[in-house]
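Okay, so here's the structure we're looking at.
The values are calculated or read from the model by the stated rules, or taken from the named source; none is laboratory data. Owing to the predicted nature of the structure, the values given are computational and were not obtained by experimental measurement. Positions of Cβ are generated from backbone atoms using ideal geometry, with glycine treated the same way; all protein chains shown enter the neighbour counts. Please note that ligands, DNA and RNA were not included when accessible areas were found on the heavy atoms of the full protein model with its side chains. Shrake-Rupley method; radii C 1.70, N 1.55, O 1.52, S 1.80 Å.
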Amino acid sequence: AACLRFISKLIQYGHIMDNLKDSSIFSAHLKRGQSFHVRCTAIQLLALFIKNESSERDLNTILSLIEFDQSPFIRSNAVQQLYKLPLFTKHQDCFLNNLHLVERLWSF
């Protein structure tokens with residue numbers, strides 16, 4: 001978990017080259033088999049990445065985790081992280097704010 005936070009800080013402060021700024025390092029740690037704390041940290045950092053980079057692919061990753069993960073604790077943590085870091089505000093233009101996302105959220 002500490003390594004993921006460290007990598008996130010390196011990305012945030014520009015110490016990692018642009019071609020390595022990819023959320024896949026966080027997504028790889030979301031899979032079952034990782035410890036609970038590592039998965040929660042990966043969710044937190046991926047949510048932060050989505051907020052900063054507006055990545056629809058990463059948002060779909062977290063939403064799929066909320067829908068299909070077997071652990072209720074992981075699902076709850078993912079919802080909490082998206083709640084803590086709103087992706088957009090009511091009056092803000094953001095391409096993530098679309099009808100597909102609204103319908104997917106209402107289907108939960």
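What to note about this one:
- Restricted to the range 4-21, and to residues there that are under 22 Å from Asp69 (Cβ atoms) and at pLDDT below 80, the residue that is surrounded by the most Cβ atoms within 10 Å (Cβ to Cβ) is Ser8.
- Among residues of the range 82-97, those that are modelled with pLDDT of 80 or more and not charged (D, E, K, R), counted: 3
- Per-region count, the range 45-78, residues within 21 Å of His100 (Cα to Cα) and open to solvent by 60 Å² or more (accessible area, probe 1.4 Å): 8
- Gln81 polar (S, T, N, Q), closer than 25 Å to Arg32 by Cα and open to solvent by less than 30 Å² (accessible area, probe 1.4 Å): yes
- Hey, Ala42 touching a His at 6+ places or on another chain (Cβ under 8 Å) and open to solvent by 30 Å² or more (accessible area, probe 1.4 Å) or not: no
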